[in-house]
Amino acid sequence: MKLPRIECRDCGRSIAAGPVAGRLTKGRLCRHDPPGRRHHTDGALVSCPGSLAVVDLPQPAEQLELISVRLADPDTLTAPLF
C-alpha cells in the first residue's frame, strides 16, 4: 500500500501518513527525525515533535469491498490433456 505524504507542520519535511482506524479522513504521520539531527549529544535518538501527529489526509481512504466469486461446477470442468 502506498501511503500519502503530508508535510510535517513542525519540521516541514514530507512524511508518509498511515490511516487512523475508524477515521477515514485522518492519518497519523510516521515517526521521523528532525532534519539534520538524529541523536542527542548523549547518543539517544531524537524524534521530531511532529512525529505520530494526527493530520487530515488529502483524499479520504476507501473501505475495501469483498467480492464473492462464484465457483464453477466441478462436474463441468475438464482436465488438461497432457
Checklist entry - Do any trypsin sites (Lys or Arg not before Pro) in the range 1-55 lie in a DSSP loop with no more than 15 other beta carbon atoms within 10 Å, and if so, which? => result 2, 9, 31, 37, 38
Checklist entry - Can you run phi through the Karplus equation (6.51, -1.76, 1.60; θ = phi - 60°) for the range 18-23 and list ³J(HN,Hα) in whole Hz, with x for Gly and Pro? => result x, x, 9, 4, x, 10
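None of the figures in this text is laboratory data; all of them are computed from the coordinates on show. Since the model is a prediction, treat every value here as computed from it, not as a measurement. Quick reminder, even Gly has a Cβ in these numbers, built from the backbone with ideal geometry, and neighbours come from all protein chains shown.
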